[in-house]
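First the structure, in the form of structure tokens, and then the observations on it.
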Amino acid sequence: MEKWRAAHRLLRYSSKNLFDRQLNPNFRNSTHLSTSGMAYNMNRFVGNLWGVHCRCLSSVVTATQRNPLFSTINSDDIRYFKEILGEKSVIQDEEMLDAANSDWMRKYKGSSKLKLQPRSTEEVSQILKYCNARCLAVVPQGGNTGLVGGSVPVFDEVIINVGSMNNIISFDKVSGTLVCEAGCILENLISFLDNQGFIMPLDLGAKGSCQIGGNVSTNAGGLRLVRYGSLHGNVLGLEAVLANGTVLDMLGTLRKDNTGYDVKHLFIGSEGSLGIVTKVSILTPPKLSSVNVAFLACEDYISCQKLLLEAKTRLGEILSAFEFLDTHAMDLVVRHLDAVRNPLPPSHNFYVLIETTGSDETNDKEKLEAFLLRSMESGLISDGVLAQDINQASSFWRIREGIAEALMKAGAVYKYDLSLPVEKMYNLVEEMQIRLGSAAKAVGYGHLGDSNLHLNISTPQYDDTILAEIEPFVYEWTSKHQGSISAEHGLGLMKANKIHYSRSPEAVQLMVAIKKLLDPNGILNPYKVLPPSLISQS
């Protein structure tokens, strides 16, 4: 009887074309779930969180010493920067610097006395040429939404914020190629492309604040990587400025170009440690008319795994997202976020959000419904709901995207971003919970479609005893199971000294050699990505 009721719910709330419904005002009224925005602006999010916790130490950070070879800012430096940038683009105000010196979680805090806001590639080039000659360390910064301390100073590095470089340069509808400056906010690019009938291949919860230059520099993954792939595949070209001010023009727009080494890939994911990305050309797919979102319940993690395989097999090319969260994540969201509720009866162990995107509404709907009913009959899903309109789809996504916010509101949180074989992912959450006992709650969620686990340890307050149980166990476990300690957040300062858990000594030494070749003075984002001890030895 319960299985029949669940199947009835799936059919009753059968999804229709979500984009078409936005044009119909009669479809705005949700009959099943409360409405909630799919995206939130990180600035608003941050403003709410800073009053909750001002200390968020989610990793043991090895004590780092300031490089004595780096110079300190003097009045001559300030005078030079004002000459090339103008007074307004040279920031020395303490209040403005305080925000730029801290990451949005208030986990890392530097002591920079200067933030520069260039408006062009030429100005970035002039800044770096001067800083390199003076041996002034710099930290590139965009939206400052990172989680590993990669976009804030460690000491007194000069902050180079590219947010003023926010122009869309060109868009070719035939090829779908977008060329823009690094300071463009992701959500603005999404809106621009939406009006052109296209979409960004990248979508993040922080889209309201993060910038495309930072996205590329960290090789951000996001919610739809399972459909559109990583930025290594979608970025066709870029422009970057090296430490000595040299401008590398690799801003190609061709999908095929095997002329020598594809050097642009060095800058995708290098977190500003090899050069500052100033422009990007990116391949954008057409916006398809049929979008469906289902929110499902599974009784165990094995069912989630099998459901993923079934989704890839049965849904094929229309599968655009496959996200999962455990019951602890759901409880946190419902308890701490306003106007968010579980669309299913409670007491399920796991939840899965599936999104499909296609061009044939009737065929896509039939394919999805057949997949869901087959999965219900085989016992892979125990309950589920299909979004009836855009409001319900948004409310489903709000649950998934709101987990990080809920965790922060719940108390202290230790955060880990890992790639693991799908069959092993939740084993780590379970083993971590056993280690922690009743002292803390291990919460698991993430991008199951691309094997990315977000492991969060939620506690009332920060405790060194708890942290000692988490690290280095979490890194050792990940390494033992051939995983990656950084799936999409990067290494930054948090994990620079942990790189050996995922990379061989030979690979790390090659990275050090590349760093020394492109940035011999080490001024670009120092102390990040690679162990500082290796940089100083070389």
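Before moving on, here are some points about what is shown:
- Among the residues of the stretch 345-360, those identified as touching a strand residue (DSSP E or B) at 6+ places or on another chain (Cβ under 8 Å) and either touching a residue at least 60 places away in the same chain (Cβ under 8 Å) or open to solvent by 40 Å² or more (accessible area, probe 1.4 Å) (or both) are Pro345, Asn349, Val352, Leu353, Ile354, Glu355, Thr356, Thr357, Gly358, Ser359, Asp360.
- Criterion: open to solvent by less than 20 Å² (accessible area, probe 1.4 Å) and either in a loop (DSSP other than H, G, I, E, B) or over 24 Å from Ile212 (Cβ atoms) (or both) - qualifying residue of Leu128, Leu97, Leu147: Leu97
- Annotation: of all residues in the stretch 48-86 being open to solvent by 50 Å² or more (accessible area, probe 1.4 Å) and not in a loop (DSSP other than H, G, I, E, B), the one that is modelled with the lowest pLDDT is Asn48.
- Residue within the stretch 361-374 that is outside any helix (DSSP H, G or I) and crowded, with 22+ Cβ neighbours inside 10 Å present: no
- Close pairs from the stretch 187-205: first under 23 Å from Arg400 (Cα atoms), partner open to solvent by 60 Å² or more (accessible area, probe 1.4 Å) and among the basic types (Lys, Arg), Cβ under 7 Å, at least 6 apart: Asp194/Lys287; Ile199/Lys287
- Among (1) under 20 Å from Asp450 (Cα atoms); (2) at pLDDT 95 or above; (3) part of a helix (DSSP H, G or I) - the single one His328 does not satisfy: (1)
- Filtering the stretch 67-83 to residues that are in contact (Cβ under 8 Å) with a residue 40 or more places away in the chain and closer than 17 Å to Leu524 by Cα leaves Asn67, Leu69, Phe70, Ser71, Thr72, Ile73.
- Of all the listed residues (Gly163, Gly221), the sole one being assigned to a loop (DSSP other than H, G, I, E, B), touching a residue at least 24 places away in the same chain (Cβ under 8 Å) and out of contact with any His (no Cβ under 8 Å at 6 or more places or on another chain) is Gly163.
- Residues that are of a type in the set (D, E, K, R) and open to solvent by 60 Å² or more (accessible area, probe 1.4 Å) were ranked within the stretch 489-523; the one that is nearest to Gln537 (Cα to Cα) is Lys516.
- Here Phe171 does not fit the description of being surrounded by fewer than 18 Cβ atoms within 10 Å (Cβ to Cβ) and touching a Gly at 6+ places or on another chain (Cβ under 8 Å).
- Among residues of the stretch 452-474 that are closer than 20 Å to Ser502 by Cα and touching a residue at least 40 places away in the same chain (Cβ under 8 Å), those with a Cβ under 6 angstrom from a residue that is among the hydrophobic types (A, V, I, L, M, F, W, C) and open to solvent by 20 Å² or more (accessible area, probe 1.4 Å), sequence gap 6+ or separate chain, pair up as Asn452/Ala487; Glu471/Val60.
- Hits in the stretch 255-270 (condition: surrounded by fewer than 24 Cβ atoms within 10 Å (Cβ to Cβ), part of a loop (DSSP other than H, G, I, E, B) and under 22 Å from the mean Cα position of the chain (by Cα)): Ile268, Gly269
- Only one of the numbered conditions (1) touching a residue at least 40 places away in the same chain (Cβ under 8 Å); (2) of a type in the set (Ser, Thr, Tyr); (3) farther than 25 Å from Gly222 by Cβ is not met by Tyr445, and that is (3).
- Qualifying positions in the stretch 524-538 - touching a residue at least 60 places away in the same chain (Cβ under 8 Å) and open to solvent by less than 50 Å² (accessible area, probe 1.4 Å): Leu524, Asn525, Pro526, Tyr527, Lys528, Val529, Leu530, Pro532
- Looking across Val340, Val333, one residue alone is in a loop (DSSP other than H, G, I, E, B), over 21 Å from Thr357 (Cβ atoms), under 24 Å from the mean Cα position of the chain (by Cα) and not polar (S, T, N, Q). It is Val340.
- Qualifying residue in the stretch 316-325 (condition: open to solvent by less than 10 Å² (accessible area, probe 1.4 Å), touching a residue at least 40 places away in the same chain (Cβ under 8 Å), over 22 Å from Pro421 (Cα atoms) and out of contact with any Phe, Trp or Tyr (no Cβ under 8 Å at 6 or more places or on another chain)): yes
- Filter pass, Thr121 being open to solvent by 20 Å² or more (accessible area, probe 1.4 Å), of a type in the set (Val, Ile, Thr) and within 25 Å of Leu518 (Cα to Cα): no
- In the stretch 125-152, the residues that are touching a residue at least 40 places away in the same chain (Cβ under 8 Å) reach residues that are outside any loop (DSSP other than H, G, I, E, B) and of a type in the set (Gly, Ala, Ser) with C-beta atoms within less than 6 angstrom, at least six apart or across chains, in these pairs: Gly142/Gly213; Gly142/Gly214; Gly143/Gly214.
- Against the list (1) touching a strand residue (DSSP E or B) at 6+ places or on another chain (Cβ under 7 Å); (2) within 30 Å of Ala220 (Cβ to Cβ); (3) not aliphatic (A, V, I, L, M); (4) not in a helix (DSSP H, G or I), the condition Arg400 fails is (4).
The values are calculated or read from the model by the stated rules, or taken from the named source; none is laboratory data. All figures in this text were calculated on a predicted structure; none of them were measured in a lab. Glycine gets a Cβ as well: all are built from the backbone with ideal geometry, and neighbour counts include every protein chain shown. Ligands, DNA and RNA are excluded from the accessible area calculation, which covers all protein heavy atoms including side chains. Shrake-Rupley method; radii C 1.70, N 1.55, O 1.52, S 1.80 Å.
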